[in-house]
1. In this structure, does residue B:164 turn out to be within 13 Å of chain A (Cβ to nearest Cβ) and surrounded by 15 or more Cβ atoms within 10 Å (Cβ to Cβ)?
2. What is the residue count in region A:38-57 for residues that are within 14 Å of chain B (Cβ to nearest Cβ), more than 7 Å from ligand 1 (Cβ to nearest atom) and over 22 Å from residue A:190 (Cβ atoms)?
3. Of the residues that sit in region B:233-266 and are within 14 Å of chain A (Cβ to nearest Cβ) and touching a residue at least 60 places away in the same chain (Cβ under 8 Å), which one is surrounded by the most Cβ atoms within 10 Å (Cβ to Cβ)?
4. Take residues that are more than 16 Å from ligand 2 (Cβ to nearest atom) and surrounded by fewer than 15 Cβ atoms within 10 Å (Cβ to Cβ) and tell me which of the strands (runs of 3 or more DSSP E) falling wholly in region A:30-90 contain 2 or more.
5. Could you check, for region A:17-27, whether at least one of its residues is touching a residue at least 12 places away in the same chain (Cβ under 8 Å), over 16 Å from residue A:161 (Cβ atoms) and under 20 Å from the mean Cα position of the chain (by Cα)?
6. Out of B:208, B:245, B:186, B:213, which single residue is modelled with pLDDT of 95 or more and outside the structural domain of residue B:33 (by TED's automatic domain parsing)?
7. Taking the condition part of a helix (DSSP H, G or I) and more than 20 Å from the chain's Cα centre (by Cα), does residue B:194 pass?
8. Are any of the residues in region A:205-216 surrounded by fewer than 16 Cβ atoms within 10 Å (Cβ to Cβ), under 27 Å from residue A:28 (Cα atoms), more than 14 Å from every other protein chain (Cβ to nearest Cβ) and within 16 Å of ligand 2 (Cβ to nearest atom)?
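The values are calculated or read from the model by the stated rules, or taken from the named source; none is laboratory data. Since the structure is predicted, the reported quantities are computational estimates derived from the model, not experimental observations. Heads up, the Cβs are rebuilt from the backbone with ideal geometry, glycines too, and the neighbour counts pull from every protein chain shown.
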Ligand SMILES: Nc1ncnc2c1ncn2[C@@H]1O[C@H](COP(=O)(O)OP(=O)(O)O)[C@@H](O)[C@H]1O
Ligand SMILES: [Mg+2]
């Protein structure tokens, strides 16, 4: 990662607040600035309720900021060009695994044969072969999020946002999914913005880690774990890096 | 899904429990009457109900029609009112749940109509539709419309907003979001509404037939009351209860076909 990195998303001075019926204003983002580089694996680390999901929704265009700008190299992406893996899976319960994976191309009117073929390839990629016709209710948490990942990649997006995708999984499944998401990222060559509140996960995955503070939040720190992958979370280097971030995180929260 | 031996045993156990509840009820009922705790003239015992039932299959006395004629007449009314309520109430409720202007347009009228009990409509319906079947169907329709519409409406309103976001990020149109996200996620609530509409329809039947009927289960019951024939009253009531239960069971089968993704809790 040299300095000739191309900026894929340029976020400047982003402000976002919500006003409830009693006219109380909740300032969530307070002038957040951030660059996301092409094809990097960026981790956004922040405590719960600090506005991580709000930020991703702004990048997705689901909501508009009060102030500030989000610019993409190559112009504003069309709908479907930015993919999202949602917190707590958000699968369509009435669709089978394969129908969930092909849901987004279907909204676009991609013809059935084509989207089926792509969906099958993605199901293979996330290791869910044989479960094509199962309903989400019959799947474990890890399997559900595999479907969520495959669905996000079915849009052929080159920017992938992931909102605490493994937050609801047990530790064992989580480690396994972390390995796999790195493999998928490397095979698909996408820019990933991965949100988590787990320091260890951030150090395991990130090319770069930006730390958000409590709301109203801004970027309070940035870390670059220059460690080869796969990273051993018991190595001296890993643990030291983890502690550095933990100290900064404590500071950010007080 | 495979049904294991354990599942089968448990199902059998559940079934036996259900049967024994009915049997116990019948036995108590019989004893209460035979012991004279309640006079036979006020409460016909199960044995009497059975003989009356068999007799009514062929006997047109005292109300001018055999049991099945009464049954078909009532079934026709109920089904017509019920189906009409579903055909109008479900789409209207779904649309109201999603499109604000439709909601604003319909809600005030609906909120005023809603608290009026179906029986209170009888005089108006008689003036509007005369004493024929039209007014009876209209009353049953109104009773069934409320749950059909309200549940469909609530079903759409309760769509998980994150699922709508998923569709939006994929560039779905408003129409696609309504038809492919909100409507399917409302399906379980729609079925709840349909089942409640069916019960309401049967419950309103007797009231509707109080109006002017000369045939029908409600009429048969009413006539039984005039003649102090409690056995006939009970036969009529049981016919309504059993028909409602059977139709409700059929609806559950349809539900399993239409919404196979729904997890059954037991
Ligand atoms: N649509 C909304 N309306 C009102 N408040 C909201 C809305 N979305 C988020 N918030 C508030 O913004 C804060 C940050 O939320 P969120 O981004 O979901 O946190 P997290 O960092 O855990 O993802 C929370 O306090 C939440 O209640
Ligand atoms: Mg969140």
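1. Answer is yes for this residue.
2. So the answer is 0.
3. Here the answer is B:255.
4. The qualifying strands (runs of 3 or more DSSP E) are A:67-72.
5. No; the residues of region A:17-27 include none that is touching a residue at least 12 places away in the same chain (Cβ under 8 Å), over 16 Å from residue A:161 (Cβ atoms) and under 20 Å from the mean Cα position of the chain (by Cα).
6. One residue alone meets the criteria, B:186.
7. Here the answer is no, as residue B:194 does not meet what is asked.
8. Yes, there is a match, as at least one residue in region A:205-216 is surrounded by fewer than 16 Cβ atoms within 10 Å (Cβ to Cβ), under 27 Å from residue A:28 (Cα atoms), more than 14 Å from every other protein chain (Cβ to nearest Cβ) and within 16 Å of ligand 2 (Cβ to nearest atom).
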